[in-house]
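Laboratory data are not the source of any read-out in this text; all were calculated from the coordinates shown. Keep in mind the model is a prediction, meaning the values are calculated, not measured. Note: ideal-geometry Cβ built from the backbone for every residue, glycine included; neighbour counts use all protein chains shown.
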Amino acid sequence: MIATNFDYDSCVRASEKVAWKLDEVFPPDLKLDYSRRFLPDSLTGVDSLPFLSPGERLKLNQINGNAYLYLFYFVEEYIIASVIQHANAEMFGDPAALRALFRFADEEVKHQQLFMRFREVFERSFGHSCDVIDNPQAVAEIILSKAPMAVALTTLHLELVTQQHFTEGFRDGDSAGLDPAFASLLKNHWLEESQHAKIDALELQKLAAGASADQISAAIEDYLGILGAFAGLLTAQGALDVTSLERATGRVFTGDERSAIAAAQGAGYQRALIALGVENPSFQKYLLQYSEPGLARVNAAHRGAPS
């Protein structure tokens, strides 16, 4: 039996408590410190590349940080559209849910503006262009064509990932030596995303309460399909990072070195954005609540995924 206690009021109160302004977190004239890392080592694959010099590792970490934020910008394209769909369904329903969902959408648009502001500063000051995967709108359309419960599962997965990143990279002390501006950006993003995860769970609860076992099973297959497609995009981003690193360092890597860097970057992105979400204890708990066979299916697929 799936519980149906939809407490949206507490989500609104929490959102109001942690809300921040874009210009306070990342003013347009903010300077980045390129003598420091952007991301904690636990969120990158740099440690597996001993043939890179310390300076090259630092450049790759910064390239990684730029792509990491862009990937969140990328997925928030579909999340905003999905949240608006949920809000439209509440237009003449629960006003607390409507407020919570509209705040959610507004904050996600703010996050996109934050990431684009960072990217503008980075492109002006890093000294070299860095490639990122394109066409988030087309990817958003594909995701939104899937079962609504699959879309909600994917969104919950991604929101929980940001909390996991905070735990691994900041609460556990791996943030020492990071650029303060980048670290502040990540922390403020996490503060609001942690509230979004609560709303995701409530929306997922509503969808699951009215779904049959077959519909839940189909949604889980769609969710796994979305993860598979996302893994392909992350692999592609890893390959783009190699070219960006060559530009930034002036070094032409051998074929084996290029393959090793691309593989390490792709694996780092997949661990940070896919594995940590699937393995997250809260995500596992929600899946078990909705479908024990579904949880087993997801875990089996995850164990069989390339590492």
Inset, instruction - Arrange the following residues from fewest to most other Cβ atoms within 10 Å of their Cβ: 149, 116. - result: 116, 149
Legend entry - Fewest-first sequence of 253, 118 by Cβ atoms within 10 Å of each Cβ: 253, 118
Legend entry - Burial ordering of 60, 144, fewest other beta-carbon atoms within 10 Å first: 144, 60
Legend entry - Separation of the residue 109 and residue 167 label points, Cα + 7 Å toward Cβ, nm: 3.3 nm
Inset, instruction - Could you work out the equivalent-ellipsoid semi-axes for the stretch 178-307, taking the square root of 5 times each eigenvalue of the Cα gyration tensor, largest first, in whole Å? - result: 34, 20, 11
Legend entry - Extended-chain gain in nm, criterion 0.36 nm per residue less alpha-carbon gap, residue 221 and residue 123: 31.4 nm
Legend entry - Extent along principal axes [Cα atoms of the stretch 36-303; Å; largest to smallest]: 57, 36, 36
Legend entry - Members of 146/198; 31/110; 146/285; 59/146; 187/285 lying beyond 31 Å, as alpha-carbon distances in this model show: 59/146
Legend entry - Rounded to whole Å, sorted largest first: equivalent-ellipsoid semi-axes of the stretch 153-255, Cα gyration tensor: 34, 23, 9
Inset, instruction - Before rounding to the nearest 500, sum -39500 (n - 2.57) across all DSSP H runs of length at least 4 in the chain and divide by the residue total; then give [θ] at 222 nm in deg cm²/dmol. - result: -24000 deg cm²/dmol
Legend entry - Tilt relative to the chain, helix 95-125 - C-alpha long axis, 0 to 90 degrees, to 10: 10 degrees
Legend entry - Additional length obtainable on full extension of the chain from residue 141 to residue 35, 0.36 nm per residue less Cα span: 34.2 nm
Inset, instruction - Please work out the FRET efficiency for the pair residue 84 and residue 17, using the Cβ-Cβ distance as r and a Förster radius of 25 Å; give the result to the nearest 0.05. - result: 0.60
Inset, instruction - Rank by packing, highest mean first: peptides 278-284, 122-128, with packing defined as the count of other Cβ atoms within 10 Å averaged across residues. - result: 278-284, 122-128
